[in-house]
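Student: Structure below; questions to follow.
The values are calculated or read from the model by the stated rules, or taken from the named source; none is laboratory data. Remember, it's a predicted structure, so these values are computed and weren't measured experimentally. Counting neighbours? That spans all protein chains shown, and the Cβs are built from the backbone with ideal geometry, glycine included. With ligands, DNA and RNA removed, areas are computed over all heavy atoms of the protein, side chains included. Shrake-Rupley method; radii C 1.70, N 1.55, O 1.52, S 1.80 Å.
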Amino acid sequence: MKKAKVSTAREILKFEGRDPPSYWNRFAMLLALSITIATMGLLRNSGAVVIAAMLIAPLMTPILGIAAAMVIGRIDRVLKLFFTVIFVALICVALVWVAMLITNFPRGISIPNEVYARTDPGIEDLVVALAAGVAGAFVQVNKSELSLLPGAAIGVSLVPPLSAAGILLSFGEFRDAYEACLLFFTNLNAIVLSACAVYISSGAIPSVLAKGKRWARFSASFAITIIFLAIVTFQLGHATVHRFQEARVEQELAWRVKAWANPISVEIIRLDVNPKSKTVDLWIIIDLPLGAQHEVASVADLIPKELAKESLLDELQKTLGKGFFVVIRYQTRIAGQAALGTAIITDAPDVDKINEEQ
């Protein structure tokens, strides 16, 4: 391996420099700022603020250090950095949880979408983490490409899942907190694996093969990483397949609702299917003709008679089968269409037709 490559590998491995205490002090300060910004961004449901937390998060450096130590065969360094990262992650989750308790954050409000966005990891997140790990390691090896570092930091999500886990624990959402932690470990494992590939392809192979012990240590640590990644991939793959199946069922249900209502205009506001609990939540808005506003009648009398020809529940059962509990919430509204400059006012066209024309 060339001297330049040896020097680069040592720099990545000894990222603390000549004054490790000073580095770790800076690390703690940046991590505290990052976790604070990420938590505020999640609670405020602001994606821009969460991205700001990703940019200053310092966790990427020690994780790349783990990969460099694996390639060089320094198992002691691998273990030290790995347990350091895990310890730091636990501290971050605990700090967010304690902060939520101290501030007595109201539990009655709904959990922000930015928090829930970190609770449904899938294969797509693994692919992103692998690509971000390659980018981060490439920047470390090629110092001339430092402009790519912010993009790599944004691409991989390390601190936000930890903040989300702490928030969810304070809300008592333990299952979702586990999913957020799974996202963090997915990113951690993927970064290490892809970074190892980059370091080896950049010229570290002769160094690894130079000594039998070094090769054996690298092989053992790399095999453990692959096994852990396989376990994570299995969980992510199961979640991804489940999500795709759920999306297909929701798409078919939406089609059946539209077919059942035709030619009456019905707008689907919400359609959630949960196969595990066998529940469906359906919110729809039914358009009433203009003449309905002049009638004195109950809502049931105003709803178009066409909707009573066939039961909506029977239509839903054709897709779901028996055993599901369906909650249907519907509203009615007067819908009309006016031709400006004329006295022509007619019933409004179907909502879907308007969307297609736009």
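Student: Between residue 295 and residue 255, how high is the FRET efficiency from 1/(1 + (r/R0)^6) when r is the Cβ-Cβ distance and R₀ = 30 Å? Nearest 0.05.
Tutor: Once the sixth-power term is evaluated, E becomes 0.45.
Student: Work out how much length residue 86 to residue 110 would gain on full extension: take 0.36 nm times their residue separation and subtract the Cα-Cα distance, in nm to one decimal.
Tutor: Computed gain between residue 86 and residue 110 is 5.7 nm.
Student: Could you tell me how far the Cα centroid of the stretch 291-350 sits from the Cα centroid of the stretch 51-125, in Å?
Tutor: Using only Cα atoms, the two centres lie 49 Å from each other.
Student: Let me ask something else. Run the simple label-point estimate for residue 241 and residue 337 please: 7 Å along Cα→C-beta, distance reported in nm.
Tutor: 4.6 nm
Student: So in the stretch 214-344, what percent of DSSP beta bridges are antiparallel if you round to the nearest 5?
Tutor: Counting DSSP beta bridges with both partners in the stretch 214-344, the antiparallel share is about 45 percent.
Student: Okay, moving on. Please report Rg over Rh for the stretch 233-358, where both radii come from the alpha carbon positions and Rh follows the Kirkwood definition.
Tutor: Here Rg/Rh amounts to 1.08.
Student: While we're looking at this one, here's another question. Compare 88, 249, 257 by solvent-accessible area with a 1.4 Å probe and give them largest first, with all protein chains kept in place.
Tutor: Correct descending sequence by accessible area is 249, 88, 257.
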